[in-house]
Amino acid sequence: MEKIMGNSKVKFSNVCYVITGISIILIIAILSNYFSDMKHTSQEIKKEIQITGARIASGYIYDFFEGRKASLSLLGKCLTGLGTGNGAVLEEQLSSEADLFDSIVIADKNGSFIFEYGTCDIEDIQKDSGFEKAAEGVCTVSEELILRQDGEHELIFYAPVMDVDGKVKAVLAASLLESTLTSYMEKKIAGPGIFAAVMNNRGRIMYGSSNIYDMIGETGSSFFSFIKACKVYTENSGTDYIQGSMHDRKEIFLEFAYEGDKFVSACMPVEVNDGYIVYIADASNAGIGNKVVSASNSLLVKLLIADLVVIFGILFYHINGRAKVIKLLDNYGIIDKQEGAVLFEYTFTPKKRIDVYGDFSHVVGKNFSQLVGEAVYDVYEYVHEDDASIRGRLHEFFDSEDEVFSSEVRILDQNGDYGWYRLTGTMFRDSDGNCERFVGKVVNANKQISMEKNLVQRAENDLLTGVLNKKTIEAKIAEKLKDKHEGRNYIFFMVDLDNFKNVNDTLGHIYGDKAIADTAEALTEIFHSNAFIGRLGGDEFAVCAIYDAFDEESLMEFIIKNAEKVCEANRREYSDGANTVKISSSVGISIGPKDGSDFELLYKKADEALYSSKKTGKNKFTIYGIADSRN
């Protein structure tokens, strides 16, 4: 009996040892995989999250400044050719940008104010290096905040205003108060437990969220002095290291304690005046490392008691590990707080998957939290067909070594309309450079992008008529002539009004402006598509129509038909009740590539044909190289 019991004891012990050994091996394998997925240590997780948050903050600052520089530059182009003495027109132009800046002024090249919109309190503006660059034709931002007489600080944006000859005639100076910059930082970047500021390359705080001033000090305080007063836990991270890293434009990560509280910080280069974003987070809720270690110790103890329970517990813990990471991302503010923004994560392995964090229904009218496999491509159904290239650009980005992606795209909303959105994101790759996951956001930018595109249109179009201005039509025609298509003809019409001077002299400039506007409207109705229409100046217009002709006869038929329409549409009369003035038009026509394959040559030959129409009686058209002209 004892022998049997003894043998039974031996067998039972062996079984326990085998089960325990297998369990330990499984636990080691599971924990190894778990810690690998969690980037091995909580310190590395915190660093990755903090660096990512700083990158997003840096992107916000870059977009903010580039958007305003672009708007101010386009506003400068809109002012080209306008007289600086016309206050009503200037006020209308500047008021369109009033919501982007706290004040806008126009100054001559000596720094004297010509026109002011808002309250700009700048002395000796011409001494600022930014003003000097703008006077040389470059749009820029002042390197430092300027102290106003009322005690506030402001940042100045500069853009040149050109004359019609392409020379700088004035400088636009638009200001943003420090309070405006602080408000932007708090709205887009900072929040509970998150502190943010922008410093120059010498470590001096320029502007930031109000809560960071309570920590570091007011504007002008030194970040280096603040770090010296803290207890820094990150090894080899003194002020010399920080200064050297900033000089080399490197990313910086620090763990430190200040007044008994622990923080993590990332400093990220900002591509504006060689500045840096300081992004600090409260580290009190970042104890994931302790949780992992205590949990593993507890599991190992439980394994000796009931190994199967422990194995299933670890498996469950492993599966839910991703939820812990997402919760940690929430704590550090990676999920964007901006209204109308949606965060998503695109995972590449083991299967393509998109996880959406936030309510996507306010964008497309349909909400989904996860797309797996081929279903990830369903998102392109909501993209405007003219922006379908974003799919290829994303794949090019995935195949590159770049870390940050940014693009504008039109997305179909729940009302069936397309709105502009900005897509940005950061790529995380493994040690071999392979894509692991892409964390991004989609944010509504319809107002800003529509405003920018409206400014582009205003910069390209003639203010009186709405057709293209001289500079734009020249550029567009010159670019179009580079296309080489067999059988394609570029018909260049030059149209000049006859007897136009009498309209101004007899009836006044109001009727003269109406005659010019009516001519532009008539040309737009005749050449309603596949043509460039522009005003060259005064009462002179140009049209470049594109026509694919089967033979010479069909080409001549097209030209003559449209030339006759132009002459007929411009036979008009204007009357103020007491006086009546009749006008007509003379037209000169050249044909590319037969008469030339560049803009200058086509313009010259059309001008010669126009002169022939004027010389031989007006109210007619002449085709270059053809002797007879027709009414």
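The values are calculated or read from the model by the stated rules, or taken from the named source; none is laboratory data. The model shown is predicted, which means the values in this text are computed figures rather than measured ones. Every residue, glycine among them, receives a Cβ derived from its backbone with ideal geometry; neighbour counts consider all protein chains shown. The protein model used for the area step is the full one, side chains on, heavy atoms only, and it has no ligands, DNA or RNA in it. Shrake-Rupley method; radii C 1.70, N 1.55, O 1.52, S 1.80 Å.
Assorted remarks:
- One residue from G151, G166 being within 29 Å of R204 (Cα to Cα), open to solvent by less than 70 Å² (accessible area, probe 1.4 Å), free of Cβ contacts under 8 Å to residues at least 12 places away in the same chain and part of a loop (DSSP other than H, G, I, E, B): G151
- E568 meets the conditions (1) of a type in the set (D, E, K, R); (2) more than 22 Å from T524 (Cβ to Cβ); (3) free of Cβ contacts under 8 Å to residues at least 40 places away in the same chain in every case but one. The failed one is (2).
- When Y346 is tested against (1) buried (at least 18 other Cβ atoms within 10 Å of the Cβ); (2) within 21 Å of the chain's Cα centre (by Cα); (3) within 21 Å of A57 (Cα to Cα); (4) modelled with pLDDT of 80 or more, exactly one condition is not met: (2).
- Scoring L555 on the criteria (1) closer than 17 Å to N619 by Cα; (2) in a helix (DSSP H, G or I) leaves a single failure, condition (1).
- The listed residue being without any contact (Cβ under 8 Å) to a residue 24 or more places away in the chain and touching a Gly at 6+ places or on another chain (Cβ under 6 Å), out of N530, N461, N504: N504
- Filtered by the rule that a residue be of a type in the set (S, T, Y) and over 20 Å from the mean Cα position of the chain (by Cα), the stretch 383-416 gives a lone residue, S400.
- Pick from the stretch 201-216, criterion assigned to a loop (DSSP other than H, G, I, E, B) and open to solvent by 20 Å² or more (accessible area, probe 1.4 Å), ranking: farthest from S245 (Cα to Cα): I216
- Number of residues in the stretch 231-261 that are surrounded by 14 or more Cβ atoms within 10 Å (Cβ to Cβ), over 14 Å from N200 (Cβ atoms) and in contact with a strand residue (DSSP E or B) (Cβ under 7 Å, 6 or more places away or on another chain) equals 11.
- Filter pass, L507 being of a type in the set (A, V, I, L, M) and touching a helix residue (DSSP H, G or I) at 6+ places or on another chain (Cβ under 8 Å): no
- Here N446 passes the criteria (1) open to solvent by 40 Å² or more (accessible area, probe 1.4 Å); (2) polar (S, T, N, Q); (3) touching a strand residue (DSSP E or B) at 6+ places or on another chain (Cβ under 6 Å); (4) touching a residue at least 40 places away in the same chain (Cβ under 8 Å) except the one numbered (4).
- Among residues of the stretch 126-148, those that are open to solvent by 20 Å² or more (accessible area, probe 1.4 Å), in contact (Cβ under 8 Å) with a residue 60 or more places away in the chain and within 20 Å of R202 (Cα to Cα), counted: 3
- Number of residues in the stretch 85-133 that are acidic (D, E), within 13 Å of L155 (Cα to Cα) and modelled with pLDDT of 75 or more: the value is 2.
- Test: residue in the stretch 599-608 that is on the phi < 0 side of the Ramachandran plot, out of contact with any Cys (no Cβ under 6 Å at 6 or more places or on another chain), at pLDDT 90 or above and not in a helix (DSSP H, G or I): no
- Per the conditions (1) of a type outside the set (A, V, I, L, M, F, W, C); (2) at pLDDT 80 or above; (3) assigned to a helix (DSSP H, G or I), the sole criterion not satisfied by H362 is (2).
- Test set (1) in contact (Cβ under 8 Å) with a residue 60 or more places away in the chain; (2) under 47 Å from the mean Cα position of the chain (by Cα) - D518 fails condition number: (1)
- Taken over the stretch 98-148, the criterion of being β-branched (V, I, T) and not in a strand (DSSP E or B) is satisfied by T119, I122, I125, V138.
- Odd one out for G191, checked against (1) at pLDDT 85 or above; (2) open to solvent by less than 30 Å² (accessible area, probe 1.4 Å); (3) within 22 Å of Y276 (Cβ to Cβ): (1)
- Check on D240, of a type outside the set (F, W, Y), over 30 Å from S103 (Cβ atoms) and out of contact with any Gly (no Cβ under 9 Å at 6 or more places or on another chain): yes
- Boolean, Y511 is modelled with pLDDT of 90 or more and more than 29 Å from E552 (Cα to Cα): yes
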